[in-house]
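Q: Once you've had a glance at the structure underneath, I'll fire off some questions.
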Amino acid sequence: MNIKKYEIKKILSSPIVIVLMAIFIAFNCLIISENSYCGKELKVLNKIVDKVGYKIDDEMLSNFSELYNEKLNKVNEISSKKYYKTYKSIGEFLDENQFDMGNKNGKFSKEEKQFIKEAKVIESYYILIDK
């Protein structure tokens, strides 16, 4: 038993193993930081499931369509106040207004930006399911 303990200690104290562990930990941190947006999208997805259900059937699709149209109407209300213009989709709105969405001193409040981002996630799932 004592020999196994010393062999494991020898392996773990090897410079190659230490360098490889450091590289793998750095790589994992990079992957985690690049995919941190997924957690925010999952929160929105949980809200969708709470409102429309998890089973994809005709009732769920109609409820999801109502939810999407409600969010689109709210985004159009916001855009009509700021730009006096309405849009057919949230993606179209974001394409035209990227500067104001990314700018801290833009036309939108923090709450409006958050709502529009959540609405875009809802739209992306709606388009995915609707096809």
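The values are calculated or read from the model by the stated rules, or taken from the named source; none is laboratory data. Remember, predicted model here, so these are calculated numbers, not experimental data. All Cβ positions, even for glycine, are placed from backbone atoms using ideal geometry, and neighbour counts span all protein chains on display.
Q: Can you name the residue in the stretch 5-47 that is more than 27 Å from GLU118 (Cβ to Cβ) and among the β-branched types (Val, Ile, Thr) and, of all such residues, is nearest to the chain's Cα centre (by Cα)?
A: ILE25
Q: Can you tell which of ASP50, ASP58 is more than 21 Å from GLU118 (Cα to Cα), in the same structural domain as LYS120 (by TED's automatic domain parsing) and loosely packed, with under 10 Cβ neighbours inside 10 Å?
A: After applying the criteria, what remains is ASP58.
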